[in-house]
Amino acid sequence: MNIDLAGKNCLGLELVEWPLPIHEVLYEAEQPIVFLTYSSVLCQPLLAYLADEESEESSIILASASSEKISNLKKGIIGVREALVSDWMWLVRGSHSDGAAKIWAIRESDVPDGYLPVHGTPLLPEHTVVFSARALGDDIALGRMPCSVVSLVADAVRSSLKVLLDHVRAANTEGRPKDAQRKLYDLPVQRLRFSSFEVGLAEPDHGLFRDESMQVVISSLTRGLKWAQDAAGQVSLGEGDAEELDAILRATLALTPPGSGVVREIEVSGAWLQGRRFRLDRNARLKVSKQLRAHRAEKIVVYKGRIGEVDDDNLSITIRDTSDGVDRKGFLREEFWDEVRAHYYYSNRVAISGIERNGRLNVTAVVAQDDPDE
């Protein structure tokens, strides 16, 4: 490791023993890479990371090892790099031949590229965050951030994956998804961060789908993110049939910030995106929305009537007794279902609002109305 140590504070070797005693191995690859050692002089454990090894010497980075930090590292809540650079760092260089070693106090910026783990790299492969969305804005901090930001980010990652997965799997989007599909777009949360609110998802069970569904989903999503982020207009969305382009645009739109509020940008990253980070701002949202409008015909509608029929399997309702006498079928999100069934049971007169797109009505609100006959 070619690191410039000129002018760095060289510490006393008595702070640690050499070779470093290994108290607990946290990760190894033929030899310990991340482990806990101990300083008898400081009377405290130290986190050690083998940054480089040559034939003549080893370079090991040491950092503090509080019980909370190590616990979070083992659970995958923080990455290896974040654990190493959170406060102070030492570099120990020790010889394999004569047992001589030196210690320097260093900073993260002193370490050459490639000798620290990439930001976010977890201790263990099973802790890998495959897909994450992070809300960015001046007021996104504990004590100032409204709770709506939490649901916005969580819904964004879930909705984006659902749109593409339903398309790729040729799923019946007019009803409840199969359990396997639900597990894929409703993945377990691996990481939550609050400095700027982030939701990171863990790797799904590889046995859920043994075909190439997820590879196609990731490729399509990357395609949409690249296009949306490109403010200069140099990236093409590419070719595809109408349904495919519609799914890509809707999935990308889900990952853009609202037109107003505290969320100014949403940053999308994760192992699925091969380490790339995409930042989508409100201009990206306008760009995606404009392309969607050009891509399909849609309008906002309001219908008044009674819910004459409900379909639990397809999450659909039929509106009857409308002002123009035409029955209309609408599809709802699952969270509306209890309310809709109550209106159906009591035969309430309701107003239904939604988006009618290519002949399909997606219901966005259901409100009880006074009965004109009473």
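The values are calculated or read from the model by the stated rules, or taken from the named source; none is laboratory data. Since the structure is predicted, the reported quantities are computational estimates derived from the model, not experimental observations. Glycine gets a Cβ as well: all are built from the backbone with ideal geometry, and neighbour counts include every protein chain shown. Note: areas computed on protein heavy atoms with side chains; ligands, DNA, RNA excluded. Shrake-Rupley method; radii C 1.70, N 1.55, O 1.52, S 1.80 Å.
Of the residues GLU335, GLU267, GLU339, which single one is in contact with a Phe, Trp or Tyr (Cβ under 9 Å, 6 or more places away or on another chain) and either outside any strand (DSSP E or B) or of a type in the set (D, E, K, R) (or both)?
Values: GLU335 fails: in contact with a Phe, Trp or Tyr (Cβ under 9 Å, 6 or more places away or on another chain); GLU339 fails: in contact with a Phe, Trp or Tyr (Cβ under 9 Å, 6 or more places away or on another chain).
Every option except GLU267 fails the conditions.
Just checking, which of ALA232, ALA202, ALA180 is at pLDDT 85 or above and aliphatic (A, V, I, L, M)? Steps first, answer last, please.
On the way: ALA202 fails: at pLDDT 85 or above; ALA180 fails: at pLDDT 85 or above.
Selected residue: ALA232, the only one of ALA232, ALA202, ALA180 that is at pLDDT 85 or above and aliphatic (A, V, I, L, M).
Would you call GLU82 within 30 Å of LEU221 (Cα to Cα) and open to solvent by 40 Å² or more (accessible area, probe 1.4 Å)? It would help to see each step written out before you state the result.
On the way: within 30 Å of LEU221 (Cα to Cα): yes; open to solvent by 40 Å² or more (accessible area, probe 1.4 Å): yes.
The answer is yes for GLU82.
Of everything in region 221-254, what is among the hydroxyl-bearing types (Ser, Thr, Tyr) and out of contact with any Leu (no Cβ under 9 Å at 6 or more places or on another chain)? Give them in sequence order.
Of region 221-254, the ones among the hydroxyl-bearing types (Ser, Thr, Tyr) are 222, 236, 252.
Matches in region 221-254: SER236 only.
For residues that are surrounded by fewer than 23 Cβ atoms within 10 Å (Cβ to Cβ) and of a type in the set (Gly, Ala, Ser), scanning just region 271-289, find the one that is nearest to ILE218 (Cα to Cα).
Here the residue is ALA271.
If you take the residues in region 318-350 that are under 33 Å from the mean Cα position of the chain (by Cα) and aliphatic (A, V, I, L, M), which one is most open to solvent (accessible area, probe 1.4 Å)?
Filtering region 318-350 for residues under 33 Å from the mean Cα position of the chain (by Cα) gives 330-340.
Cutting the leftovers down to aliphatic (A, V, I, L, M) gives us 332, 340.
Numbers: LEU332: 17, VAL340: 1 Å².
The extreme case among them is LEU332.
What number of residues within region 327-337 satisfy the criterion of being closer than 14 Å to GLU309 by Cα and free of Cβ contacts under 8 Å to residues at least 40 places away in the same chain? Quick ask: steps written out before the conclusion?
To start, the set of residues in region 327-337 that are closer than 14 Å to GLU309 by Cα comprises 327-332, 337.
Among the residues that remain, those that are also free of Cβ contacts under 8 Å to residues at least 40 places away in the same chain are: 327-330, 332, 337.
So the count comes out to 6.
Give, as residue ranges, the strands (runs of 3 or more DSSP E) completely inside region 1-119 that count at least 2 residues that are touching a His at 6+ places or on another chain (Cβ under 6 Å). Steps first, answer last, please.
Values: elements: 24-28, 32-39, 44-53, 57-64, 89-95, 101-106.
Ranges flagged: 32-39.
Residues are listed down the side, and each one gets a yes or a no for (1) in a loop (DSSP other than H, G, I, E, B); (2) at pLDDT below 90; (3) among the small types (Gly, Ala, Ser); (4) surrounded by 14 or more Cβ atoms within 10 Å (Cβ to Cβ):
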position	(1), (2), (3), (4)
VAL153	no, no, no, yes
LEU165	no, yes, no, yes
ALA170	yes, yes, yes, no
LEU184	no, yes, no, yes
SER196	yes, yes, yes, yes
MET214	no, yes, no, yes
GLU239	yes, yes, no, no
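Run SER219 past the list (1) among the hydroxyl-bearing types (Ser, Thr, Tyr); (2) open to solvent by 50 Å² or more (accessible area, probe 1.4 Å); (3) at pLDDT 95 or above and report the number of the one that doesn't hold.
(3)
Would you tally the residues in region 127-141 being open to solvent by 10 Å² or more (accessible area, probe 1.4 Å) and either closer than 7 Å to LEU201 by Cβ or in a strand (DSSP E or B) (or both)?
Of all residues in region 127-141, those open to solvent by 10 Å² or more (accessible area, probe 1.4 Å) come to 127-129, 134, 136-139, 141.
This time we only want the ones that are either closer than 7 Å to LEU201 by Cβ or in a strand (DSSP E or B) (or both), so: 129, 134, 136.
Adding up the residues that qualify gives 3.
Taking the criterion of being open to solvent by less than 70 Å² (accessible area, probe 1.4 Å) and without any contact (Cβ under 8 Å) to a residue 24 or more places away in the chain, would at least one residue in region 295-303 satisfy it?
Looking through region 295-303, none of the residues is open to solvent by less than 70 Å² (accessible area, probe 1.4 Å) and without any contact (Cβ under 8 Å) to a residue 24 or more places away in the chain.
Within the bounds of region 96-108, is there any residue that is open to solvent by 20 Å² or more (accessible area, probe 1.4 Å) and touching a Pro at 6+ places or on another chain (Cβ under 7 Å)?
Looking only at region 96-108, we keep the residues that are open to solvent by 20 Å² or more (accessible area, probe 1.4 Å), and these are 96-100, 102, 104-105, 107-108.
After this cut, where a residue has to be touching a Pro at 6+ places or on another chain (Cβ under 7 Å) as well, the list is none.
There is no residue in region 96-108 that is open to solvent by 20 Å² or more (accessible area, probe 1.4 Å) and touching a Pro at 6+ places or on another chain (Cβ under 7 Å).
Taking the residues in region 11-40 that are modelled with pLDDT under 90 and in contact with a Ser or Thr (Cβ under 7 Å, 6 or more places away or on another chain) as candidates, determine which candidate is surrounded by the fewest Cβ atoms within 10 Å (Cβ to Cβ).
LEU15
Among the listed residues LEU280, LEU255, LEU225, which satisfies the condition of being at pLDDT 95 or above and assigned to a strand (DSSP E or B)? Show your work before the answer.
Values: LEU255 fails: assigned to a strand (DSSP E or B); LEU225 fails: assigned to a strand (DSSP E or B).
Residue meeting the stated conditions: LEU280.
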